[in-house]
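Written below as structure tokens is the structure these notes are about.
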Amino acid sequence: METTLHQQLKLHYASDESQTEVLMGNYRIDAVRQDELIEIQCASLSAIRGKVKTLLNRHTVRVVKPVVHRIRIAKKKTKRSKISSYRMSPKRGELIDVFDDLIYFTRVFPHENLILELPLVNVQQTRIPSRRKRGWQRKDYRVEDVALEEIESTCELRTPADLFDLVGLDPERDAFTTEDIASITQRPRWFAQKIAYVLKHTGAISAVGRKKSGIQYRAA
């Protein structure tokens, strides 16, 4: 089911409301702005990989992948009742989180006709009780909807060099390992390995050797 966030972003990026949900060949395009086809993808990028790859043969495509920075959780006591409480989630997202998804998009990005835009957003997540209970007489909740509250900033990715900027790596740096990436990004080693995978498979880096701490890479 389409969320309010998805609807809001379509209207934000389209030339006007008439340029949303535009039928083009076998595909329905989220939004059209001048010569750009815009796809809003709140879920995994893998779901639109084939569609985008086909569209890139003839069109400029902007894939908008929102990254959630802050979540305000709004709870209802029943599906039809008004919101009864609010609280801020302690979790905070960062643009670098997109590497979790980019590992499924390396056969599409980079491309001369592709712009990957990352809006850093604050959202309200509305939750309602589910039918099941979690633990002794504790209600379990499910997400009913997600709505946009604010776009804090945006970042465009067009080339492998843009990935370096996102990670904070210096392309002129001597050989580095995933241990170095973990240190720079302040992320676990397993996440640094995902970053290295994306950088390698988008042509940003190449392996140049190995030492005890792991494979050594250098900017390609």
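Determine if the stretch 91-101 includes at least one residue that is assigned to a helix (DSSP H, G or I), open to solvent by less than 60 Å² (accessible area, probe 1.4 Å) and touching a Cys at 6+ places or on another chain (Cβ under 8 Å).
yes
Quick check, is Val68 open to solvent by less than 30 Å² (accessible area, probe 1.4 Å), on the phi < 0 side of the Ramachandran plot and in contact with a helix residue (DSSP H, G or I) (Cβ under 9 Å, 6 or more places away or on another chain)? Write out each step before concluding.
Details: open to solvent by less than 30 Å² (accessible area, probe 1.4 Å): no; on the phi < 0 side of the Ramachandran plot: yes; in contact with a helix residue (DSSP H, G or I) (Cβ under 9 Å, 6 or more places away or on another chain): yes.
Against the criterion (open to solvent by less than 30 Å² (accessible area, probe 1.4 Å), on the phi < 0 side of the Ramachandran plot and in contact with a helix residue (DSSP H, G or I) (Cβ under 9 Å, 6 or more places away or on another chain)), Val68 does not qualify.
Go through Gly168, Gly135, Gly214 for me and flag whichever is out of contact with any Leu (no Cβ under 9 Å at 6 or more places or on another chain), modelled with pLDDT under 95, closer than 26 Å to Arg62 by Cβ and not polar (S, T, N, Q).
Details: Gly135 fails: closer than 26 Å to Arg62 by Cβ; Gly214 fails: closer than 26 Å to Arg62 by Cβ.
Residue meeting the stated conditions: Gly168.
Of the conditions (1) out of contact with any strand residue (DSSP E or B) (no Cβ under 6 Å at 6 or more places or on another chain); (2) over 18 Å from Leu116 (Cα atoms), Thr3 fails just one. Which one is it?
(1)
Restricting attention to the stretch 28-48, does a residue exist that is under 30 Å from Pro129 (Cα atoms), in a loop (DSSP other than H, G, I, E, B), of a type in the set (S, T, N, Q) and open to solvent by less than 60 Å² (accessible area, probe 1.4 Å)?
The answer is yes, given that some residue of the stretch 28-48 is under 30 Å from Pro129 (Cα atoms), in a loop (DSSP other than H, G, I, E, B), of a type in the set (S, T, N, Q) and open to solvent by less than 60 Å² (accessible area, probe 1.4 Å).
Could you pull out the residue among Arg87, Arg70, Arg62 that is charged (D, E, K, R), within 16 Å of the chain's Cα centre (by Cα), under 19 Å from Val146 (Cβ atoms) and not in a helix (DSSP H, G or I)? Show your work before the answer.
Numbers: Arg87 fails: within 16 Å of the chain's Cα centre (by Cα); Arg62 fails: under 19 Å from Val146 (Cβ atoms).
Matching residue, one of Arg87, Arg70, Arg62: Arg70.
Among the residues that make up the stretch 152-170, is at least one of them over 30 Å from Lys76 (Cβ atoms) and more than 24 Å from the chain's Cα centre (by Cα)? Don't jump to the end; show me each part of the working.
The initial filter retains those residues of the stretch 152-170 that are over 30 Å from Lys76 (Cβ atoms), namely 153-170.
Narrowing further to those that are more than 24 Å from the chain's Cα centre (by Cα): none.
No, because not a single residue in the stretch 152-170 is over 30 Å from Lys76 (Cβ atoms) and more than 24 Å from the chain's Cα centre (by Cα).
State whether the residues of the stretch 159-181 include one that is of a type in the set (A, V, I, L, M) and part of a strand (DSSP E or B).
Our first condition is that a residue be of a type in the set (A, V, I, L, M); within the stretch 159-181, this holds for 161, 163, 166-167, 169, 175, 181.
Okay, now just the ones that are also part of a strand (DSSP E or B), so none.
No - not one qualifying residue is present in the stretch 159-181.
The values are calculated or read from the model by the stated rules, or taken from the named source; none is laboratory data. Everything quoted here is computed from the prediction, not taken from an experiment. Please note: Cβ atoms are built from the backbone with ideal geometry, for glycine as well, and neighbour counts cover all protein chains shown. Quick note on the areas: whole protein, heavy atoms, side chains included, nothing else; ligands and nucleic acids left out. Shrake-Rupley method; radii C 1.70, N 1.55, O 1.52, S 1.80 Å.
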